[in-house]
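The block underneath contains the structure these notes are about, expressed in structure tokens.
Derivation of every value follows stated rules applied to the coordinates shown; laboratory data play no part. Every value quoted in this text rests on a predicted model; they were computed, and no experiment measured them. Note: ideal-geometry Cβ built from the backbone for every residue, glycine included; neighbour counts use all protein chains shown.
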Amino acid sequence: MGPVTFDVEILKDDRPDQPDEKNVELPACWICNDTGMVMYRKKTDMGEYEYIAHCICPAGTKYSYDGQQCKVKSSYYIPWVAEVADPEMIAKDNIVDFYERHKNDEHVVKALEARGIKFKKGAEK
Ligand SMILES: [Zn+2]
């Protein structure tokens, strides 16, 4: 385990924000930070390229596109993030990033704890 622990249930957390979170903008989705999509890198014979995947949260559904489902079929297809990467690892990186940026703000730390996200002391990079 890295420096952060959290319950994977928070990845599906669609509760309205807690009162404590009012002044703090915690992303509802840690996988995509509410952008709905995730960039990932893939190595091919031609080199390494960046691709996009859409997220498993509601924001991600607007990026959902499957050419096979369209009237004019195409092979263009944006995968779910879970098909191409480990959403839990992505979320963990994003949480750690967020924490690093806001760790001196006690409201943020409290709000994170309210969501069940805890940091070990001395886990600074
Ligand atoms: Zn998301």
- line: Per the rule of 0.36 nm per residue minus the C-alpha distance, extending residue 44 to residue 104 adds in nm 17.5 nm
statement: For the pair residue 25 and residue 83, the simple spin-label estimate (label points 7 Å beyond Cα toward Cβ) gives in nm 3.1
- prompt: In the structure shown, do any of 62/92; 43/120; 43/92 have a Cα-Cα gap over 32 Å, and if so which?
  reply: 43/120
field: Long-range amide H partners of residue 5 with built H, under 5 Å
entry: 118, 120
statement: For 64, 75, ascending order of other Cβ atoms within 10 Å (fewest first) is 75, 64
